[in-house]
Amino acid sequence: MAGEYIDYDTYVTLGGALAQAAFDAAYPWAKSWLDAITHGRLTTTDWEAWEDEVALAMTALLDATPAVRSEQSGQAVTSFSNGQDSYSFATAAGGSSSPTYDGTEAYVVRLLPVELVSWCSSYNGAVC
């Protein structure tokens with residue numbers, strides 16, 4: 001999949017929950033997120049051997065993207081009461097992370113091979 005990590009049909013087959021329009025909106029964010037997790041290696045490495053893992057990772061990232069964007073903007077409602085309009089919002093520590101982000105990223109790091117996610121595995125050609 002040159003330049004593309006997953007298409008909508010594969011995403012749906014793997015259990016993805018977003019409608020096509022939401023998938024299209026989330027795709028650039030999820031792709032950027034995966035590129036950050038893999039240190040850009042998917043753009044320079046032949047990852048065909050890990051195509052299934054990349055598709056699963058993208059499915060998780062795509063599904064999480066709307067929640068992460070909401071949590072990071074401080075707009076995630078954590079509780080609601082309409083007795084007298086009482087709301088609670090989740091805010092990320094430092095504004096840069098969120099529970100959904102942390103959990104999804106940890107899942108993707110465990111899912112993908114170390115060659116894609118570890119700085120150590122390629123520093124000066126070293127294998128740690």
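Read-outs: derived from the displayed coordinates by stated rules, not from any lab. Since the structure is predicted, the reported quantities are computational estimates derived from the model, not experimental observations. For neighbour counting, all protein chains shown are included, and Cβ atoms are generated from backbone atoms with ideal geometry for every residue, glycine included.
What is the order of V108, V12, fewest Cβ neighbours within 10 Å to most?
In order of increasing Cβ crowding within 10 Å: V12, V108.
Which FRET efficiency value, to the nearest 0.05, is calculated for D46 and L14 with the Förster distance at 30 angstrom and r the Cβ-Cβ distance?
Values: r = 22 Å, r/R0 = 0.73.
Computed FRET efficiency for D46 and L14 comes out at 0.85.
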